[in-house]
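Take a look at the structure set out below.
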Amino acid sequence: MYLSAEEVTEFNVLVLGLLRVKKSDAHKVLSRKKLVDALEKCRELEGDVYSKAARLMRELSSAHAFASGNRRTAFIATKEFVQRNGVRFSIPDDPDYAKVMRGIREGKYQDAEIAEWIANGKIKQRER
């Protein structure tokens, strides 16, 4: 079961309301096309739920479809996608993983590494 652009947009509103990092954090869709394209790349990928979840996390993190909270939105959307599809989301709640999300956005992790992180909660943190 895939996420809709509307659901991901609602996740952005939610994370900015709950996890405001900067005073300037505000919900605004910068590009609905980038959002839809990111979701489509997940949908079109051949593979298991974890492979698709890794692609979803990468695409939503880097697409910059929203003015703020792209990585936080990607994390929450990926968690929802995984759980909705009946498999375990194993990434523990740890603020240090914000660095991993930044690394994903910057292309420092392969999809296989991200899928392993989602499935087993382990990933090697890369230095910037």
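Residue 63 fails exactly one of the following numbered conditions: (1) crowded, with 21+ Cβ neighbours inside 10 Å; (2) more than 14 Å from residue 8 (Cβ to Cβ). What is the number of that condition?
It is condition (2) that residue 63 fails.
Out of all the residues in the range 43-60, which are assigned to a helix (DSSP H, G or I) and farther than 16 Å from residue 107 by Cβ?
Here is the first cut: in the range 43-60, the ones assigned to a helix (DSSP H, G or I) are 43-44, 49-60.
If the condition is that a residue be assigned to a helix (DSSP H, G or I) and farther than 16 Å from residue 107 by Cβ, then 43, 44, 49, 50, 51, 52, 53 are the ones that fit.
Could you list all residues from the range 72-93 that are buried (at least 21 other Cβ atoms within 10 Å of the Cβ) and charged (D, E, K, R)?
Once the filter is applied, which keeps residues that are buried (at least 21 other Cβ atoms within 10 Å of the Cβ) and charged (D, E, K, R), the range 72-93 yields only 72.
Working only within the range 81-124, note down all residues that are of a type in the set (S, T, N, Q) and part of a loop (DSSP other than H, G, I, E, B).
Going residue by residue through the range 81-124, those that are of a type in the set (S, T, N, Q) are 83, 85, 90, 110, 120.
Within the range 81-124, 85, 90, 110 meet the criteria.
Contact list please: Cβ distance under 8 Å, first residue in the range 69-82 and farther than 17 Å from residue 25 by Cα, second residue of a type in the set (Ser, Thr, Tyr) and buried (at least 22 other Cβ atoms within 10 Å of the Cβ), pairs at least six apart or on different chains.
Pairs found: 82/50.
Could you give every pair whose Cβ atoms fall below 6 Å, whose first residue belongs to the range 14-35 and is farther than 8 Å from residue 65 by Cβ and at pLDDT 95 or above, and whose second residue is charged (D, E, K, R) and part of a loop (DSSP other than H, G, I, E, B), counting only separations of at least 6 or pairs across chains?
Taking only residues 6 or more apart or on different chains, not a single pair turns up.
The values are calculated or read from the model by the stated rules, or taken from the named source; none is laboratory data. For clarity, every value in this text was computed on a predicted model and none was experimentally measured. With ideal geometry, Cβ positions are generated from the backbone for all residues, glycine too; neighbour counts draw on all protein chains shown.
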